[in-house]
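S.K.: One structure follows; several queries about it will come next.
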Amino acid sequence: MAEPIRALRGMNDILPDEAERWEALEELLRQWLRGYGYRNVRSPVLEHTALFRRAIGEATDIVEKEMYSFTDALNGEELTLRPEATASIVRMAAEHSLLHDGAQRLYYMGPMYRHERPQKGRYRQFHQVGAEALGFPGPDIDAELLLMCTRLWNDLGLSGIRLQLNCLGSTAERSTYRKSLVAYLEKHESDLDEDSRRRLHTNPLRVLDSKNPAMQQLIAGAPRLLDALGGESVKHFEGVQAILKDAGVPYEINPRLVRGLDYYNLTVFEWLTDKLGAQGTVCAGGRYDGLFEQIGGRPTPACGWALGIERLLALVADSGRPCPDVYLVNQGVQATQSAFRAAEALRDAGFSVVQHCGGGSFKSQMKRADASGAPVAVIVGDDEARAGEAGIKALREEREQFRVPVARLPEAISDLLFGTGEEE
């Protein structure tokens, strides 16, 4: 027998029960994003490698170690499976002049790819939903993106998710700060771990993000970027905080928060939890006003975040397998035809219906109906079909079974589930 072929490490199959949880969450996310005026866009999962090198930064962990890149054997192009989507959305907006008629609120949802060591909450194929507000220069859009997240946590009944903020200032301010940071780190180079020494002259701000416990005292003594900010950057950051305070959103300023992508400026943020172990970041983002220019577009202010769907699902209490509203049992040639019409009428009225297929006795079908979790069974036999009626049986409470004309079936089900439940 041939050796079985299995899924790649870190790239997971999503089976029916779990996929139903994904679908429910994805639909909630779409409704929530539409409620803030965000419109869906969909970018290719494969892009030119140069896009990510230019946007994310050559000296980042993602570009150096984590991208799935290869040379196209047919034409020699350097291609990469997207490790994140913001660069792709900006490329799309610039290429298609999406901001010609004004600023845009856009969102995406889909898989990303990074060659990391798989662990809980971190996979090689992982999924994100992201919001990108393009063309908005002020602190109000930064705050809106954070208020959106607050509403989502409340809608999902999540607690213990805390917000950290920082301001990275302008490119010029970061350049000045970088010199003072490098000078400080060089004085303590012997105390730096291998990763930090490697970053010292390529991406020194990332040293501040080190999780090495032995580095924390050294990092705490480093110069603060917040102290190097000019008046405009401070005003922008204070504007974000004023809106959050007015809305009653608690937050903590973390002067060591720098994010792992080079395109950020001004506001950066992370939503964190202690419930996911080492993978504590649920949602993160910030402002990236220079990214359009980096990939060859016109100067355009922009801000956004990305949220990990796997991590969010891990936080959402498992409510079990979604149940249909109605399980429709039927037996007999005439009954089958009538059952299809009844099922479609119920779906037209907005009910979810599982119609029994494959035959079997009424007894066996009722066992299936009970196992489905549906609160109601609709029963159609040849007698009911000839009378133009259907039987209704409540499965989760003690009620007498009764019959109604098929034309009244949606109304009767609605009464049973949401009204008095009194049959006429």
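S.K.: Provide a single number: the residues in segment 231-260 that are more than 17 Å from E144 (Cβ to Cβ) and assigned to a helix (DSSP H, G or I).
M.R.: Of the residues in that region, 5 qualify.
S.K.: Hey, another quick one. Just for strands (runs of 3 or more DSSP E) wholly inside segment 13-88: which have at least 1 residues that are loosely packed, with under 13 Cβ neighbours inside 10 Å, assigned by TED's automatic domain parsing to the domain that holds W153 and more than 16 Å from the chain's Cα centre (by Cα)?
M.R.: The strands (runs of 3 or more DSSP E) meeting that bar are 68-71, 78-81.
S.K.: Kindly establish whether L145 is part of a helix (DSSP H, G or I) and within 28 Å of the chain's Cα centre (by Cα). First the steps, then the outcome.
M.R.: Working: part of a helix (DSSP H, G or I): yes; within 28 Å of the chain's Cα centre (by Cα): yes.
Spelling it out, L145 is indeed part of a helix (DSSP H, G or I) and within 28 Å of the chain's Cα centre (by Cα).
S.K.: Which condition does D227 not pass, out of (1) crowded, with 16+ Cβ neighbours inside 10 Å; (2) in a helix (DSSP H, G or I); (3) of a type outside the set (K, R); (4) modelled with pLDDT under 85, if it passes all the others?
M.R.: For D227, the exception is condition (1).
S.K.: Restricting attention to segment 370-387, which residues are small (G, A, S), touching a residue at least 40 places away in the same chain (Cβ under 8 Å) and more than 20 Å from D415 (Cα to Cα)?
M.R.: Hits for segment 370-387 are S372, G381, A385.
S.K.: Continuing with this model, one more query. Go through segment 380-401 and count every residue that is modelled with pLDDT of 90 or more, under 42 Å from the mean Cα position of the chain (by Cα) and more than 18 Å from G360 (Cβ to Cβ).
M.R.: The number of residues fulfilling the criteria is 2.
S.K.: Same structure again: Can you list residue pairs whose Cβ atoms sit under 7 Å apart, with the first residue in segment 218-229 being within 13 Å of V207 (Cα to Cα) and the second being modelled with pLDDT under 80? Count only pairs 6 or more apart in sequence or on different chains.
M.R.: L218/H188; L218/D191; I219/L208; I219/S210; A222/L208
S.K.: Within segment 271-288, does at least one residue satisfy the condition of being under 17 Å from D140 (Cβ atoms), assigned to a strand (DSSP E or B) and among the small types (G, A, S)?
M.R.: yes
Quick grid of which residues meet (1) surrounded by fewer than 20 Cβ atoms within 10 Å (Cβ to Cβ); (2) in contact with a Ser or Thr (Cβ under 9 Å, 6 or more places away or on another chain); (3) part of a strand (DSSP E or B); (4) not assigned by TED's automatic domain parsing to the domain that holds V129:
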{"residue": "E293", "(1), (2), (3), (4)": "yes, yes, no, no"}
{"residue": "T300", "(1), (2), (3), (4)": "no, no, no, no"}
{"residue": "A306", "(1), (2), (3), (4)": "yes, yes, yes, no"}
{"residue": "Q334", "(1), (2), (3), (4)": "yes, no, no, yes"}
{"residue": "F340", "(1), (2), (3), (4)": "yes, no, no, yes"}
{"residue": "E344", "(1), (2), (3), (4)": "yes, no, no, yes"}
{"residue": "G360", "(1), (2), (3), (4)": "yes, no, no, yes"}
{"residue": "S364", "(1), (2), (3), (4)": "yes, no, no, yes"}
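S.K.: Mind listing whichever residues of segment 81-105 are hydrophobic (A, V, I, L, M, F, W, C) and more than 14 Å from I62 (Cα to Cα)?
M.R.: Residues of segment 81-105 hydrophobic (A, V, I, L, M, F, W, C): 81, 85, 87, 89-90, 92-94, 98-99, 103.
If the condition is that a residue be hydrophobic (A, V, I, L, M, F, W, C) and more than 14 Å from I62 (Cα to Cα), then I89, V90, M92, A93, A94, L98, L99, A103 are the ones that fit.
S.K.: Quick check on my filter: what residues within segment 148-199 are within 24 Å of Y263 (Cα to Cα), part of a helix (DSSP H, G or I) and hydrophobic (A, V, I, L, M, F, W, C)?
M.R.: Within segment 148-199, M148, C149, A172, L181, V182, A183, L185 qualify.
The values are calculated or read from the model by the stated rules, or taken from the named source; none is laboratory data. Since the structure is predicted, the reported quantities are computational estimates derived from the model, not experimental observations. Ideal geometry is used to build each Cβ from the backbone, glycine not excepted, and the neighbour counts take in all protein chains shown.
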